[in-house]
Every structure is written in structure tokens, then in C-alpha cells.
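The values are calculated or read from the model by the stated rules, or taken from the named source; none is laboratory data. Worth saying up front: this structure is predicted, and the values here are computed from it rather than measured. Neighbour counts are summed over all protein chains in view; Cβ atoms, including those assigned to glycine, are modelled from backbone coordinates with ideal geometry.
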Amino acid sequence: MPTVRPFQGLRFNLTRVGDLTSVISPPYDVISKEEQALYYGRSSYNVIRLELPLPGEGSRDDRYQQAACTLQEWLRDGILVREGRPAFYLVEHRFPYAGGTRSRWGLIARLRLEEWSQGHVRPHESILRAPAADRYELLRACRANFSPVMGIFRSRLGLPDLFAGELRREADFAATDDYGVVHNAWVVSEPQAARRASRFLSQKTVYIADGHHRYSVALAYMKERRASAQSYTGREPFNYVMMALMSAADPGLITLPTHRLVRGLGPQALSRLEEGLTADFREIERLPLLGNLSQTAQSWQSRFSGLQARGSSAFGLYIPQQNALRILVARDRESLQRTMPQEQPEAWRSLDVSLLHWVVLRGMVGISTTQLEEDCLEFTRDPVEAISRVASGEFQMAFFLNPMPLSSLFAVADAGARMPQKTTYFYPKTATGLVINPLF
């Protein structure tokens, strides 16, 4: 079963940097160029300089080496300090959602890397080459994990139950991100509590919820370091990856949909798309654009959520010339599923996102290779962004999806299959900069 360990994390020295809020950022994969510049300007010690460095700052043109130099400078100058003894980091995420406030718990730990084939750590999503290459170069240069992979374990016991004693005291540090999420963190270094947590978590299967690229890159880096090591004990830090572990039973575990933006389609592909949709899908409703994009997004999402609650499978298509969201359902879903790869399990073939990617994007418009996917597709969880980027002409259309049920994630992962990339979005993300996992 998985090996879960405490570690001596690197943390910001608050006497040097001031408020922790000023030096955290989101993970790299949800940061726009505008946000990257914003975090750079917020503090000269913002973790963005490590997580997503800008090229060409100062005299160092290689941004990965630049990040590595910055890390070493911060360690030398006491901006970052190493924990005195191995610890777990228990984090409460308090966040606004659906008109109220919710709470979700995660435990930041080191998890021992292992091949997917061992089955103790299970993926559910495919990855893209470009982000994987980027994260690999950063890891090789810096030898540190800046943001944790998110893992889910199945248990009726939640993390607050496991750490009830530790939660009697106030959090050791806290920060608030730009989405209004408060990250309260407790350092759990007492040996008995750490052993209890390690035993409990080492009995669980871990499902990768977010961070497939980071886990895959950490696995490749481990193999590289093992191959080049003159001696090997198995206890080296590169055998582990930093992970935020969360219980599937946590009521604050929220999944959001990730919508698809499409560009680069020629006239013939557009014609095939319309013909295919007319033949294989039934349009059950058209939802108009309203007075502003926020109202439109809320209206569309509410209608979509209602369909999902009633067990209906559907996706939406927005093309600016039609000035509305077309809600589409398969005329004969079983027939369409027979056109999908039969080596894939039923759990995979039953997904709306698999139907969209295999039947529509691949079959109708020809986005059939990894390179074409990277050229033609972008992803966003923000429906307002999706509408505006299509309306502006940057993209030709947007496909809207419902959030992925957690049960589907488990079913696909347990069957050894992988969903299309960017299928799930767990909200909120664990902030980057709360703690860093050094591999040196």
C-alpha cells in the first residue's frame, strides 16, 4: 500500500516576507499571463518566481535555472527556512460557495512514488506533453516540489477526526488567496500523531484528483536520479512527491466542470460538425444570451445542473453566430458508444466527456492526435471566460460540460482507464507557497 511520510518542509520566514498572503499563488496550470504579472508585482518574494518564472529576468535567460538560483538565494538569505523536524501539514480550506461558506481538509505529506501498474496510486486523466515537459525541466533545475499533487482516499473517517487533538490549538499559519479562500495550516510534528497518520493513510488506495503532470514528472525524475546515483538506499527524497491528501467523504470536496474551447477548424470541418450533430444528437433547448455574461453563465449553469440532477446526459455548444447555447443529447447513446473504443471499460464509454472527445471532436471534426488537441483546444472552468473568448473571435466555439461525479472518477481509475485531459476540476486549489518539499 502507499507509503506516506512527514517531511521537513521549506516555509516562508514571515519575519522577512511579512504577510503569507502576499507570497502565495495558485498552481501553475490555472495562472494566466495577466495573473502571472500580478503575482510578480505583489511581492519580490512571491512564490510565482519559483512556480512559474518569467523568462529573461535580470541576467538569467533560462527561466528554470533562474528559479533554481532564486530558491538558493532565498534559502541563503533566510527567506525560506526548513522545518526543524519532519511534519505533516494539515490544511483547512475555508471558501465561499453557493451563497455560503464551506470547509475542506487536506494533509500535505510526502507520498512514495510508484509505477501506475502497482495499483496503489491510481490516475484517471491523460496528460499533455507541453505541461509535462515544462514541469520536468523545472523539477530538474530546482529539485523541489512547489505545489502539491492532490490525492483522494476513500474513508468514512475524515481528517478532522484523525487530528482532533491537534485542532484544539490555533492554526500555525494562514493565508488568503485571490478567490477568497482561507488556508489555515497546522504543523503536525509530534511523533505519535505522525505515526498514527502514516499508518492510517498507508492503508488507503490514493486516487490522483489533480496534478497528473506533476506526479508523472516526479516519477520520471526519480528514475533519472536512480539511474545516475552511485549508491542507492531507497530513502532518498527524490523517491517521494509532495501530495495534499483528502477524504472522499469530505462534504467540502467540490468538483467543477472544465469547458472546451475550440479553434483552427476549416470550413469542411465545420460542415461535418453540423451534419454530424444533426444526425447523432437532438437539440432539446436553446438558452439565449442575457444582459451580461455573468447572468448568462449563471443561467446556463443552472439549467445544466438541473439536467444532471435528473440523470440526463448532455453537453452544450456555443457558437457566436447562433447567439445561444444549444443543449444537445445523443439520439441513440448505446449506438454511439459502440463506435467508441471497445477496449475501454463501460465506465469510460459512458462519460459525457468521452462522448464529446471521441464522437464529436475526433470523429466529426478530426481532432484526432495529441498535437491537434494541443493546437486546437484550450480549457477553462470559467463559463464567462469561455463565452467571452468565443464572442471575441479568439475561438470558434465552446463546449460546456457538467461536473464529473466522483463515483465516475473512481470507476474509471479502478478499471485502469484514463479520461480525456482536463476532465475534472477540484475547487479550491491548494495554494502554492504554503510549504515546499525539498528533494535535496
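Rundown of residues vs (1) within 24 Å of L138 (Cα to Cα); (2) assigned to a strand (DSSP E or B), yes/no style:
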{"site": "A68", "(1), (2)": "yes, no"}
{"site": "V81", "(1), (2)": "yes, yes"}
{"site": "Y89", "(1), (2)": "yes, yes"}
{"site": "H93", "(1), (2)": "no, yes"}
{"site": "P96", "(1), (2)": "no, yes"}
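Applying the condition of being among the small types (G, A, S) and at pLDDT 95 or above to the stretch 32-47 and asking which residue is surrounded by the most Cβ atoms within 10 Å (Cβ to Cβ) yields S43.
One line per residue, one yes/no per condition, for (1) within 29 Å of S216 (Cα to Cα); (2) touching a strand residue (DSSP E or B) at 6+ places or on another chain (Cβ under 9 Å):
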site: A249; (1), (2): yes, no
site: T255; (1), (2): yes, yes
site: T258; (1), (2): yes, yes
site: R272; (1), (2): no, no
site: I284; (1), (2): no, yes
site: L289; (1), (2): no, yes
site: T296; (1), (2): no, yes
site: R310; (1), (2): no, no
site: P320; (1), (2): no, yes
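I'm trying to understand the selection: among the residues of the stretch 98-107, which are without any contact (Cβ under 8 Å) to a residue 24 or more places away in the chain and in a strand (DSSP E or B)?
First, pick out the residues of the stretch 98-107 that are without any contact (Cβ under 8 Å) to a residue 24 or more places away in the chain: 98-101.
If the condition is that a residue be without any contact (Cβ under 8 Å) to a residue 24 or more places away in the chain and in a strand (DSSP E or B), then G100, T101 are the ones that fit.
Hey, does the stretch 324-341 have a residue that's assigned to a helix (DSSP H, G or I), farther than 30 Å from I208 by Cα, modelled with pLDDT under 95 and outside the structural domain of R94 (by TED's automatic domain parsing)? Let's see the steps before the verdict.
Of the stretch 324-341, the ones assigned to a helix (DSSP H, G or I) are 333-338.
With the extra rule that they be farther than 30 Å from I208 by Cα, the set shrinks to 335.
This time we only want the ones that are modelled with pLDDT under 95, so: 335.
This time we only want the ones that are outside the structural domain of R94 (by TED's automatic domain parsing), so: 335.
Yes, there is a match, as at least one residue in the stretch 324-341 is assigned to a helix (DSSP H, G or I), farther than 30 Å from I208 by Cα, modelled with pLDDT under 95 and outside the structural domain of R94 (by TED's automatic domain parsing).
Please give the number of the condition P251 fails out of (1) outside the structural domain of R214 (by TED's automatic domain parsing); (2) exposed (fewer than 15 other Cβ atoms within 10 Å of the Cβ); (3) not basic (K, R). Every listed condition holds for P251 apart from (1).
Would you mind stating whether A130 is on the phi > 0 side of the Ramachandran plot and modelled with pLDDT under 95? When the stated conditions are applied, A130 does not pass them. The sole residue among E346, E275, E283, E334 that is under 26 Å from the mean Cα position of the chain (by Cα) and among the charged types (D, E, K, R) is E346.
Figure legend. Inter-residue proximity from the stretch 21-47: first residues under 17 Å from F379 (Cβ atoms) and in the same structural domain as Q66 (by TED's automatic domain parsing), second residues surrounded by fewer than 18 Cβ atoms within 10 Å (Cβ to Cβ) and hydroxyl-bearing (S, T, Y), beta-carbon distance below 9 Å, spacing 6+ or different chains. Indicated pairs: P26/Y179.
For the stretch 279-323, filtered to residues that are in a helix (DSSP H, G or I) and of a type in the set (A, V, I, L, M), the residue that is nearest to P383 (Cα to Cα) is A297. Scanning the stretch 156-178 for residues that are at pLDDT 95 or above, part of a loop (DSSP other than H, G, I, E, B) and within 22 Å of the chain's Cα centre (by Cα) returns D177, D178. The combined condition, being surrounded by 16 or more Cβ atoms within 10 Å (Cβ to Cβ) and outside the structural domain of G306 (by TED's automatic domain parsing), is not fulfilled by L377.
Put simply, of F379, F410 the only residue that is within 19 Å of the chain's Cα centre (by Cα) and part of a strand (DSSP E or B) is F379. Under the condition of being surrounded by 19 or more Cβ atoms within 10 Å (Cβ to Cβ) and out of contact with any strand residue (DSSP E or B) (no Cβ under 8 Å at 6 or more places or on another chain), the residues counted in the stretch 409-440 number 1.
Please give the strands (runs of 3 or more DSSP E) falling wholly within the stretch 187-272 in which 2 or more residues are within 16 Å of the chain's Cα centre (by Cα) and at pLDDT 95 or above. If you could, list the steps in order and put the result at the bottom.
On the way: elements: 206-210, 240-247, 254-256, 259-262.
Of the strands (runs of 3 or more DSSP E) lying wholly inside the stretch 187-272, those with at least 2 residues that are within 16 Å of the chain's Cα centre (by Cα) and at pLDDT 95 or above span 206-210, 240-247, 259-262.
If I filter the stretch 202-234 down to residues being of a type in the set (K, R) and closer than 24 Å to F153 by Cα, which single residue comes out as surrounded by the most Cβ atoms within 10 Å (Cβ to Cβ)?
So in the stretch 202-234, the residues of a type in the set (K, R) come out as 204, 214, 223, 225-226.
This time we only want the ones that are closer than 24 Å to F153 by Cα, so: 204, 214.
On the way: K204: 19, R214: 29.
Here the answer is R214.
Out of I152, I127, which single residue is within 19 Å of P27 (Cβ to Cβ), of a type in the set (V, I, T), part of a strand (DSSP E or B) and touching a residue at least 24 places away in the same chain (Cβ under 8 Å)?
Details: I127 fails: part of a strand (DSSP E or B).
When all the criteria are applied, what remains is I152.
Here V390, V384 are screened, and the one residue that is farther than 21 Å from Y179 by Cβ and assigned to a helix (DSSP H, G or I) is V390.
Condition first: of a type in the set (D, E) and under 28 Å from A164 (Cβ atoms). Now tell me which residues in the stretch 63-100 satisfy that. Explain how you work it out, then say what you get.
To start, the set of residues in the stretch 63-100 that are of a type in the set (D, E) comprises 73, 77, 83, 92.
Within the stretch 63-100, E83, E92 meet the criteria.
Condition check: at positive phi, outside the structural domain of P86 (by TED's automatic domain parsing) and not hydrophobic (A, V, I, L, M, F, W, C). Does G433 satisfy that? Taking the combined requirement at face value, the residue does not satisfy it.
Let's see how each residue does on (1) on the phi < 0 side of the Ramachandran plot; (2) within 27 Å of the chain's Cα centre (by Cα); (3) surrounded by 14 or more Cβ atoms within 10 Å (Cβ to Cβ); (4) among the small types (G, A, S):
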residue: D62; (1), (2), (3), (4): yes, yes, yes, no
residue: T70; (1), (2), (3), (4): yes, yes, yes, no
residue: E73; (1), (2), (3), (4): yes, no, no, no
residue: I79; (1), (2), (3), (4): yes, no, yes, no
residue: E83; (1), (2), (3), (4): yes, yes, yes, no
residue: A87; (1), (2), (3), (4): yes, yes, yes, yes
residue: R94; (1), (2), (3), (4): yes, yes, yes, no
residue: A98; (1), (2), (3), (4): no, yes, no, yes
residue: R104; (1), (2), (3), (4): yes, yes, yes, no
